[in-house]
Amino acid sequence: MITFAQRRLRNTLISGLFFALAIVVYTVYRDSHARPEFLSGWTLLILVFLLAAYHIRKRLSMLDLSPAASWLQLHIYLGFGAVLAFALHVGPRWPDGLIESMLFAAFVLTAGSGIVGLYLSRRLPRRLTRQGEEVIYERIPAFISQLRDESEALVIDAAQRTGSSTLADFYRDELAPYFAGPRHFWAHLLGSGKPIFMLSQRLNALQRYLGADEREAHAQLVVLLDQKNDLDFHYAVQTLLKRWTILHVPATAAMLILVLVHVLLVYAFTA
Amino acid sequence: MNKKPLQRFGYQDSPYHRPNQDWVCGYTDSGQACPRGPEASGKCSGAGHCEPLQQEGRWKCTRSDLAGGPCNDGPTSDGRCGVALPPCQPRRSLRAKRRLVSRWITAITVGLLMVVLGGQQGLALLEPGPRVSGHAQLQACDACHESADHPMSSWLGRVFSGHAGATDSQRCLLCHGVGEAPELAHGLSAQQREALAPAQPMAGAGLKVRWASELLVDPTAPLDCGQCHREHRGTQADISAMSNARCQTCHTQQFNSFADGHPDFEDFPARRRTRIQFDHVAHIGKHFADAPEGAVVPEACGDCHMPANAQGMMVMRGFDAGCAGCHAGDIAGAGRADAPGVAILQVPGFDVQALHNAGMVTGQWPEFAEGRGSAFLESLLQADPTAHAAYQRLRDADDWLDLSSAPLETLQAAQTVIWAYKRFMLDLREQGASALVQRLIGDSDRAAERQMRQLVSGLSIHVIEATSDAWFPDLAAEWAAYVAGELPVPEVVAPVITASSVEADFDEDEFADLFGDSGDLFASDETETEIAAEPVRPISDGIPAPVIPDSVPAMPSSKPQATPQPVEQASVHTEAVDDDEFDALFGGDDLFSSDVELDEDDTASPVEKKSVALSLDERMRLGGWYLDDLSLRYRPAGHADALLQAWLQQAAAPQVVTALADPGSPGRCTKCHSADRANESEQLRINWHVARPDPHQHAFTEFNHKAHFSIMGDAGCMGCHQLNAEADYAAAFAGTDARVFASNFRNLERNKCATCHTGGQAGDQCTTCHSYHIGEFAATEPLTRLTKALSGSP
């Protein structure tokens, strides 16, 4: 059984070989008196449509077209090939024309979001497994609601038993908003624990003002707070993992349209 | 306290989520699940917790275990759920949102394109980038692009059907003239390229270049302008840039860089001898060093050479700056032993007596004419085929002054030439100098006629009349008689010629005046006996006599009546000249009252003394037309004499060109100005100018001298241009093939250039020194309505 690292190494080497070969072919072509833009352009066009075919493959799940994971691997490495072809095609400059600028932006947005998505899909799952319980994204709001209910019940019970509103007041002012829904989205994405640390500090500081009965409820609140923090982290990370494609896919659609117009103009005005 | 697990699996413990559907439960965000979530269409199904199932006549609750299992009250009797539900809250799933965004983006993109393409500025907005500044004025796309002439709806079809031969490159060529075959590499045919750079085995270049060369490059394939010139890359873009590798892939002799492998300068810059014969070694080493005191000699290269243009080509400063100090006198004829003027017309000498003896009619003919006429004679006779044929035949005769043994055909040819010459002289007298022009080029070639006007520049009618009167005093009457057949057949003279008979023909005093008192003209060469023994063929030797009418009047003696005298340049004579003035200018009537005689005449009047104080040559030192005995001469006025240049450029008179091209000819033009022709069949071409910038000539290699002045060391120009004393520079000018030469200078050393011209310093791009579009081609005409209409271009 080949491991992920071995597969990545193999695919990277093969892709690197192809890319090097492509660069050599391109430079040889460029040094001839042919127009290298046509070589890189047609290569790029073919790659773009192959990459777009991955989206279609996912929709045709009823057909036996090899596993989607294999298509994804192909999509990833062809994507890097497309970036290389694009770099050779355009060169180190921002185009000046309106159509070309739009196409350039669409490609950069598509390729950029794809590369970011690939990075996220490789880095974030590890963080997800390291922090808290693995939960299904769609269930997170329900789990947050569950924690909220538990914490509210805990605080009410403590208040009723002790007759002290210290813990309840703190909950009302500080914790109720926190348990109301996912919080600290950007802090979790950026890997910052400061917001939850500050909140925990304030909760811990409250302990000296609590009686013995309240301290038990306080200890349970700390645990719930930690669980809520884990859920917030999972929510933030999984949201990012799912939503980067909202940039990737629409940009691809725009790019495909502009590519066709670009090819039409190139052939109509090159004679 | 430990954390309790939140995630539970099992249909009774957790709801089933379908994020792949377009609609999901909107309550999910608040932690609640929709017991009966939205359908795929986004609608909420049912108003209760379950859809009751009828079994055995009873309605049974089907609420899921997850929602609490069958409810206590169960369905109503009519089969409706007894637990009412608030309506579900459909919400688009992430996938649906993504699809929606994609559709919006697609619609926006298409809409934007339609606005761009359909608007007033549609084509302009399609421009892929600013044009280079030189093309800034080309506002309309169809100035360069043929497709812009057609509606957008046709573009897709044109992508597949092509452009029907109308290419954008052709529109480039409307403004950019790059030769007759711009689609070929360098604008040259394969044969021309092979001649310039013979094919060689590829070596020395990198692997990529060799692959490109061997696999992709077809030197015979046509090239579009756009293959090298990339437009729409900014106003300051270098659209002529070309990589070294692109050059190398085609070039058969490949190398790594200018410093490593570039061919040495074996034939650069000189591929031919210099146009002006100037021996640098001899001048610098000898003539300048030995120049007499006061002579103007150059002290540095810059005294004679200077940059000609922005490209820094070095040219000569000109004759006046560099040569006149020593050579002006040569051209004017100072110190010449022979006449300093070119004999344009000269009376050829014939053995008139022999012609008479053979029954030929000659009329008057200058008795002392000798020679075969000037080099111009044949050219002047070319207009008359009969005369020209006669001249050709006559040319084979060894001695025109002794035709006594010549065959009849030669004698008849001489007669024909004589009358043709007289006819020409009559035409010249009656029509003026235009007769000379017409004889040479006719009336048809008006372009050449403009040049021919230069050939007779300054030849006034007075000079012509004086010449005609001197040579053929009664030409008009004689010609009329000849045409009428009224000229008499001369009497046959007995073939006895002795010294006494010669003496009898001359007055002794006159003879003494001419040849000196003591000289016996014939004593040293031939004895009387030898002369007397000269055979004379009687007319009865079977030679048919010419058909002459019986009533031919007697003609005067053939001895010239008037003495031709020097005539000053015609421009002086703007009015009719009366006899006294004429005499004052040209002397008396006696042809043989020469300057010598006049100089010795102590009895001459003061006016006469003044007029004869200078010799003929001295009086004509400023140049011009003049009559010198039996020659009408032209003396060059100085350097770059327009008349001599015109004659030497006159293709219609190759004999004249050949004669004038003699370095010893008056004017001595070809002493310095080399004459070229690749083979004997070609017309000699005199190089009037040094090599100098020609806007129509596009050299393969260019060197900017000016750009290198600041880096010259103490040796100056000679740091690169080193004299080669061993080269036989002058020998190359004995021939006419300019390609055969020995340079005055050693080959330039490539290593000197390569010390700076490397990739890291002054650059070693091929295009630093070399041009792609080479050869001779003119700039195209400006595109006006007229030129467009004439060329049929859009």
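May I ask you to say which residue of B:Ser681, B:Ser743 is within 30 Å of B:Leu644 (Cα to Cα), free of Cβ contacts under 8 Å to residues at least 12 places away in the same chain, part of a loop (DSSP other than H, G, I, E, B) and not basic (Lys, Arg)?
Working: B:Ser743 fails: free of Cβ contacts under 8 Å to residues at least 12 places away in the same chain.
Being within 30 Å of B:Leu644 (Cα to Cα), free of Cβ contacts under 8 Å to residues at least 12 places away in the same chain, part of a loop (DSSP other than H, G, I, E, B) and not basic (Lys, Arg) holds for just one of B:Ser681, B:Ser743, which is B:Ser681.
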I'd like to know if the stretch A:88-105 contains one or more residues that are open to solvent by 40 Å² or more (accessible area, probe 1.4 Å), among the acidic types (Asp, Glu), in contact with a Pro (Cβ under 7 Å, 6 or more places away or on another chain) and within 13 Å of chain B (Cβ to nearest Cβ). yes
How about the stretch B:125-140: which of its residues are part of a helix (DSSP H, G or I) and more than 8 Å from chain A (Cβ to nearest Cβ)? B:Ser133, B:Gly134, B:His135
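Could you say which residue among B:Ala420, B:Ala435, B:Ala480, B:Ala389 is part of a helix (DSSP H, G or I), aliphatic (A, V, I, L, M), over 23 Å from B:Asp629 (Cα atoms) and within 44 Å of the chain's Cα centre (by Cα)?
Details: B:Ala420 fails: over 23 Å from B:Asp629 (Cα atoms); B:Ala435 fails: over 23 Å from B:Asp629 (Cα atoms); B:Ala480 fails: within 44 Å of the chain's Cα centre (by Cα).
Of B:Ala420, B:Ala435, B:Ala480, B:Ala389, the one residue that is part of a helix (DSSP H, G or I), aliphatic (A, V, I, L, M), over 23 Å from B:Asp629 (Cα atoms) and within 44 Å of the chain's Cα centre (by Cα) is B:Ala389.
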In the stretch B:83-110, how many residues are within 11 Å of chain A (Cβ to nearest Cβ) and either in a strand (DSSP E or B) or under 60 Å from the mean Cα position of the chain (by Cα) (or both)? 4
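Results for (1) in contact with a helix residue (DSSP H, G or I) (Cβ under 9 Å, 6 or more places away or on another chain); (2) hydrophobic (A, V, I, L, M, F, W, C); (3) at pLDDT below 80, shown as yes or no for each residue.
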{"site": "B:Lys97", "(1), (2), (3)": "yes, no, no"}
{"site": "B:Leu112", "(1), (2), (3)": "yes, yes, no"}
{"site": "B:Gly122", "(1), (2), (3)": "yes, no, yes"}
{"site": "B:Val132", "(1), (2), (3)": "no, yes, no"}
{"site": "B:His150", "(1), (2), (3)": "yes, no, no"}
Quick check on B:Phe350: is it open to solvent by less than 20 Å² (accessible area, probe 1.4 Å), among the aromatic types (Phe, Trp, Tyr) and within 24 Å of B:Arg633 (Cα to Cα)? yes
Which pairs do you get when a residue that is over 17 Å from B:Gln21 (Cα atoms), found in the stretch A:52-65, comes within reach of a residue that is surrounded by 16 or more Cβ atoms within 10 Å (Cβ to Cβ) and not hydrophobic (A, V, I, L, M, F, W, C), reach meaning Cβ atoms under 8 angstrom, with the pair 6+ apart or on two chains? A:Ala52/A:Thr252; A:Tyr54/A:His75; A:Leu65/A:Arg57
Do you know which residues across the stretch A:106-121 are under 13 Å from the mean Cα position of the chain (by Cα) and open to solvent by 70 Å² or more (accessible area, probe 1.4 Å)? A:Ile115, A:Val116, A:Tyr119
Would the stretch B:718-735 turn up any residue that is farther than 18 Å from B:His280 by Cα and loosely packed, with under 14 Cβ neighbours inside 10 Å? no
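Consider A:Glu138 carefully, then state whether it is open to solvent by 30 Å² or more (accessible area, probe 1.4 Å), modelled with pLDDT under 95, more than 28 Å from the chain's Cα centre (by Cα) and among the acidic types (Asp, Glu).
Values: open to solvent by 30 Å² or more (accessible area, probe 1.4 Å): yes; modelled with pLDDT under 95: yes; more than 28 Å from the chain's Cα centre (by Cα): no; among the acidic types (Asp, Glu): yes.
Considered against the rule, which asks whether it is open to solvent by 30 Å² or more (accessible area, probe 1.4 Å), modelled with pLDDT under 95, more than 28 Å from the chain's Cα centre (by Cα) and among the acidic types (Asp, Glu), A:Glu138 comes out as no.
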Mind counting the residues in the stretch B:207-228 that are free of Cβ contacts under 8 Å to residues at least 12 places away in the same chain and more than 7 Å from every other protein chain (Cβ to nearest Cβ)? 4
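Would you call B:Phe350 under 20 Å from B:Thr467 (Cβ atoms) and in contact with a Phe, Trp or Tyr (Cβ under 8 Å, 6 or more places away or on another chain)?
Values: under 20 Å from B:Thr467 (Cβ atoms): yes; in contact with a Phe, Trp or Tyr (Cβ under 8 Å, 6 or more places away or on another chain): yes.
So B:Phe350 passes the test.
The rows are residues; the columns are (1) assigned to a helix (DSSP H, G or I); (2) farther than 30 Å from A:Ala105 by Cβ; (3) more than 18 Å from the chain's Cα centre (by Cα); (4) within 11 Å of another protein chain (Cβ to nearest Cβ).
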site: A:Pro182; (1), (2), (3), (4): no, yes, no, yes
site: A:Arg208; (1), (2), (3), (4): yes, yes, yes, no
site: A:His218; (1), (2), (3), (4): yes, yes, yes, yes
site: A:Tyr235; (1), (2), (3), (4): yes, yes, no, yes
site: A:Leu265; (1), (2), (3), (4): yes, no, yes, yes
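Listed here are the residues, each with its yes/no results for (1) within 19 Å of B:Arg692 (Cβ to Cβ); (2) among the charged types (D, E, K, R).
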{"position": "B:Arg271", "(1), (2)": "yes, yes"}
{"position": "B:Ile276", "(1), (2)": "yes, no"}
{"position": "B:His283", "(1), (2)": "no, no"}
{"position": "B:Phe288", "(1), (2)": "no, no"}
{"position": "B:Val296", "(1), (2)": "no, no"}
{"position": "B:Met306", "(1), (2)": "yes, no"}
{"position": "B:Ala310", "(1), (2)": "yes, no"}
{"position": "B:Met313", "(1), (2)": "yes, no"}
Which condition breaks for B:Asp73 when tested against (1) open to solvent by 80 Å² or more (accessible area, probe 1.4 Å); (2) touching a residue at least 40 places away in the same chain (Cβ under 8 Å); (3) away from chain A (no Cβ under 14 Å)? (2)
Of the residues in the stretch B:357-381, those that are under 18 Å from B:Gln438 (Cα atoms) and free of Cβ contacts under 8 Å to residues at least 60 places away in the same chain come to B:Leu377, B:Leu381
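Return yes when B:Thr780 is in contact (Cβ under 8 Å) with a residue 24 or more places away in the chain and among the hydroxyl-bearing types (Ser, Thr, Tyr) and no when it is not.
Working: in contact (Cβ under 8 Å) with a residue 24 or more places away in the chain: yes; among the hydroxyl-bearing types (Ser, Thr, Tyr): yes.
When the stated conditions are applied, B:Thr780 passes them.
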Please find, within the stretch B:141-150, the residue that is nearest to the chain's Cα centre (by Cα) out of those that are open to solvent by 50 Å² or more (accessible area, probe 1.4 Å) and within 11 Å of chain A (Cβ to nearest Cβ). B:Asp142
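Taking the stretch B:465-480 as the region of interest, how many residues are open to solvent by less than 10 Å² (accessible area, probe 1.4 Å) and farther than 14 Å from B:Phe424 by Cα? Let's see the steps before the verdict.
Going residue by residue through the stretch B:465-480, those that are open to solvent by less than 10 Å² (accessible area, probe 1.4 Å) are B:467-468, B:470-472, B:475, B:478.
After this cut, where a residue has to be farther than 14 Å from B:Phe424 by Cα as well, the list is B:470.
Matching residues across the stretch B:465-480 total 1.
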Just give me the residues in the stretch B:22-47 being within 13 Å of chain A (Cβ to nearest Cβ), touching a Phe, Trp or Tyr at 6+ places or on another chain (Cβ under 9 Å) and open to solvent by less than 50 Å² (accessible area, probe 1.4 Å), in sequence order. B:Gly31, B:Cys34, B:Gly37
Given B:Tyr11, B:Tyr16, which one is out of contact with any strand residue (DSSP E or B) (no Cβ under 9 Å at 6 or more places or on another chain), open to solvent by 60 Å² or more (accessible area, probe 1.4 Å), within 13 Å of chain A (Cβ to nearest Cβ) and over 30 Å from A:Ala217 (Cβ atoms)? B:Tyr16
Being free of Cβ contacts under 8 Å to residues at least 40 places away in the same chain, of a type in the set (Val, Ile, Thr) and within 13 Å of another protein chain (Cβ to nearest Cβ) is the filter here; which residues of the stretch A:119-148 pass it? A:Ile136
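The values are calculated or read from the model by the stated rules, or taken from the named source; none is laboratory data. Fair warning: this is a prediction, and the values are worked out from it, not measured in the lab. Every residue, glycine among them, receives a Cβ derived from its backbone with ideal geometry; neighbour counts consider all protein chains shown. Surface accessibility is based on the protein's heavy atoms, side chains included, excluding ligands, DNA and RNA. Shrake-Rupley method; radii C 1.70, N 1.55, O 1.52, S 1.80 Å.
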